[in-house]
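S.K.: Okay, here's the structure, questions in a sec.
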Amino acid sequence: MLVNCKQILTKADQERYAIGGFNITSLETALGIIQAAEEQKSPVILQISEKTIDYMGLEVVTSIARTLADRASVPIAVHFDHGRNFELVWRSIEIGFSSVMLDVSKMPQGERIPFVKEFALRAHQRNVTVEVEEDVIGGREDYIEGKGWKFTDPKRAAIFAKETGCDMFAVSIGNSHGKALPDETLDMKLLSEIDAAVSVPLVLHGASSTPDEKIRDAISRGVRKINIDTDLRLAVNDAIRATLKNEALYDPRDILKSSIEAVKKVVSGKIQLFGSNGKA
Ligand code: G3H
Ligand code: 13P
Ligand code: ZN
């Protein structure tokens, strides 16, 4: 069933576990995520980036995500990830997304609070939740550049969350997008300070390849939404490469099917690590 993020994150906050925000890059990844969520009896967040919208088209990807969410036996949020084209983000709300992320890290400082406040007000009237990223997160994916990486200041974050009325706040504590950087470390003390200052649930981006013990530590310090994309992409690629070795296979469905299973396996493992299994 379709839900917004607030509904599932409030329970996660009370019971101190995290919910996975898993990115869709194909129909197969979406199927793998939903199948894992149903098997694990877990809520999940299906995330759609601007690159995926460019690839599939907003209507097509919304139909896929909404149909899967509506039919699922567990709570599913359909979430716009790293929205920087704010007109497109608004269109996604009109067409059926239940949650959005405003990535205002590239916006001039003075414009951020009034913009997010006004946007969140309008989104809340439609029962849509709003995540915000204020500070640039490191690393690189195709549309998301980590240039000018800046760690979160707890005091500034507290004012930002309070004044904008956003529902979730994405932290920058050394986390980075894409494959792990060799010297990547998370500042756990800073995370605790942010959690003490900010009243809304915290989001950890760039969590692929982060060791399990660090993920558990981050959850114990207040992270309630954890974003995973790269680990799914790598699983898809490995599965398809291995399947293609069998030259007798020529039906794309027989080849791509292996990637559904691969995504399902990774997502099931993450759900157990995050502690959201059995919480649907
Ligand atoms: O954090 C970024 C997401 O993984 C989306 O990446 O823009 O390459 O789809 P993308
Ligand atoms: P990864 O690249 O580490 O999977 O991060 C995904 C993410 O943060 C999506 O917003
Ligand atoms: Zn991200």
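S.K.: Residue under question is K245, and the condition is that it be among the charged types (D, E, K, R), closer than 30 Å to V100 by Cα and either under 20 Å from the mean Cα position of the chain (by Cα) or surrounded by fewer than 17 Cβ atoms within 10 Å (Cβ to Cβ) (or both); does it hold? Walk me through how you get there before you give the answer.
M.R.: Details: among the charged types (D, E, K, R): yes; closer than 30 Å to V100 by Cα: no; either under 20 Å from the mean Cα position of the chain (by Cα) or surrounded by fewer than 17 Cβ atoms within 10 Å (Cβ to Cβ) (or both): yes.
The answer is no for K245.
S.K.: Something else: Name the residues in the range 46-62 that are in a loop (DSSP other than H, G, I, E, B) and more than 12 Å from ligand 1 (Cβ to nearest atom), would you?
M.R.: Taking the range 46-62 and keeping what is in a loop (DSSP other than H, G, I, E, B), we get 49, 57.
Selection gives G57 alone.
S.K.: Step by step: first the residues of the range 34-59, then only those that are of a type in the set (A, V, I, L, M, F, W, C) and in contact with a Lys or Arg (Cβ under 8 Å, 6 or more places away or on another chain), then the one that is farthest from N277 (Cα to Cα). Which residue is that? Walk me through how you get there before you give the answer.
M.R.: At the first step, the residues of the range 34-59 found to be of a type in the set (A, V, I, L, M, F, W, C) are 34, 36-37, 44-46, 48, 53, 56, 58.
Filter once more, keeping what is in contact with a Lys or Arg (Cβ under 8 Å, 6 or more places away or on another chain): 36, 45, 58.
Numbers: A36: 10, I45: 14, L58: 30 Å.
For the range 34-59, the residue satisfying everything is L58.
S.K.: How about the range 147-174: which of its residues are on the phi < 0 side of the Ramachandran plot, of a type in the set (G, A, S) and within 19 Å of the chain's Cα centre (by Cα)?
M.R.: Initially, the range 147-174 is screened for residues on the phi < 0 side of the Ramachandran plot, giving 147, 149-164, 166-173.
Retained after the next criterion (residues that are of a type in the set (G, A, S)): 157-158, 161, 170, 172.
The answer is A161, A170, S172.
S.K.: Checking the condition surrounded by fewer than 16 Cβ atoms within 10 Å (Cβ to Cβ), of a type outside the set (F, W, Y) and on the phi > 0 side of the Ramachandran plot, which residue from G269, G222, G206, G278 passes?
M.R.: After applying the criteria, what remains is G278.
S.K.: For the range 122-130, state whether one or more residues are under 14 Å from the mean Cα position of the chain (by Cα) and touching a residue at least 12 places away in the same chain (Cβ under 8 Å).
M.R.: Within the range 122-130, one or more residues are under 14 Å from the mean Cα position of the chain (by Cα) and touching a residue at least 12 places away in the same chain (Cβ under 8 Å).
S.K.: Here's a check for you: in the range 21-56, which residue that is crowded, with 21+ Cβ neighbours inside 10 Å and out of contact with any helix residue (DSSP H, G or I) (no Cβ under 8 Å at 6 or more places or on another chain) is nearest to D103 (Cα to Cα)?
M.R.: S49
S.K.: Might you check whether a residue that is charged (D, E, K, R), within 16 Å of ligand 1 (Cβ to nearest atom), touching a residue at least 40 places away in the same chain (Cβ under 8 Å) and in a helix (DSSP H, G or I) occurs anywhere in the range 224-233? Walk me through it before giving the result.
M.R.: Step one: filter the range 224-233 for residues charged (D, E, K, R), giving 224-225, 229, 231, 233.
Next cut, within 16 Å of ligand 1 (Cβ to nearest atom) only: 225, 229, 231, 233.
Checking the rest, the ones that are also touching a residue at least 40 places away in the same chain (Cβ under 8 Å) come to 225, 229, 233.
Narrowing the set further to residues that are in a helix (DSSP H, G or I) leaves 233.
Yes, there is a match, as at least one residue in the range 224-233 is charged (D, E, K, R), within 16 Å of ligand 1 (Cβ to nearest atom), touching a residue at least 40 places away in the same chain (Cβ under 8 Å) and in a helix (DSSP H, G or I).
S.K.: I've got another one for you. Return only the number of the condition from (1) under 23 Å from R16 (Cα atoms); (2) touching a residue at least 12 places away in the same chain (Cβ under 8 Å) that K189 does not satisfy.
M.R.: It is condition (2) that K189 fails.
S.K.: When you go through G57, G139 one by one, which is the residue that is within 13 Å of ligand 3 (Cβ to nearest atom) and farther than 27 Å from A12 by Cα?
M.R.: Working: G57 fails: within 13 Å of ligand 3 (Cβ to nearest atom).
The unique qualifying residue is G139.
S.K.: In the range 192-215, what count of residues is obtained for those that are more than 9 Å from ligand 2 (Cβ to nearest atom), out of contact with any strand residue (DSSP E or B) (no Cβ under 8 Å at 6 or more places or on another chain) and either within 22 Å of G138 (Cβ to Cβ) or of a type in the set (S, T, Y) (or both)? Write out each step before concluding.
M.R.: Step one: of the range 192-215, the residues more than 9 Å from ligand 2 (Cβ to nearest atom) are 192-202, 211-215.
Pick out the ones that are also out of contact with any strand residue (DSSP E or B) (no Cβ under 8 Å at 6 or more places or on another chain) and you get 192-193, 196-197, 199, 211-214.
Those left that are additionally either within 22 Å of G138 (Cβ to Cβ) or of a type in the set (S, T, Y) (or both): 192-193, 197, 199, 211-214.
Number of matching residues: 8.
S.K.: Just to be sure, is R71 surrounded by fewer than 20 Cβ atoms within 10 Å (Cβ to Cβ), closer than 22 Å to I271 by Cα and without any contact (Cβ under 8 Å) to a residue 60 or more places away in the chain?
M.R.: Values: surrounded by fewer than 20 Cβ atoms within 10 Å (Cβ to Cβ): yes; closer than 22 Å to I271 by Cα: yes; without any contact (Cβ under 8 Å) to a residue 60 or more places away in the chain: yes.
Here the answer is yes, as R71 does meet what is asked.
S.K.: In the range 76-92, what residues are away from ligand 2 (no atom under 16 Å from the Cβ) and crowded, with 22+ Cβ neighbours inside 10 Å?
M.R.: I76 - this is the single residue of the range 76-92 that is away from ligand 2 (no atom under 16 Å from the Cβ) and crowded, with 22+ Cβ neighbours inside 10 Å.
S.K.: Still on this structure: Inspect all residues belonging to the range 44-59 and state whether any of them is in contact (Cβ under 8 Å) with a residue 40 or more places away in the chain and away from ligand 2 (no atom under 15 Å from the Cβ). Step through it out loud before you land on a result.
M.R.: Taking the range 44-59 and keeping what is in contact (Cβ under 8 Å) with a residue 40 or more places away in the chain, we get 44-45, 47-51.
Pick out the ones that are also away from ligand 2 (no atom under 15 Å from the Cβ) and you get none.
There is no residue in the range 44-59 that is in contact (Cβ under 8 Å) with a residue 40 or more places away in the chain and away from ligand 2 (no atom under 15 Å from the Cβ).
S.K.: Please return the ranges of strands (runs of 3 or more DSSP E) entirely within the range 63-146 where 3 or more residues are modelled with pLDDT of 95 or more.
M.R.: Once the strands (runs of 3 or more DSSP E) in the range 63-146 are filtered for at least 3 residues that are modelled with pLDDT of 95 or more, what remains is 76-83, 99-103, 129-133.
S.K.: Please go through (1) part of a loop (DSSP other than H, G, I, E, B); (2) more than 15 Å from ligand 2 (Cβ to nearest atom) for K11 and return the number of the only condition it doesn't satisfy.
M.R.: The single condition K11 does not satisfy is (1).
The values are calculated or read from the model by the stated rules, or taken from the named source; none is laboratory data. All values reported here derive from a predicted model rather than from experimental measurement. Cβ sites come from the backbone with ideal geometry, for glycine too, and all protein chains shown count toward neighbours.
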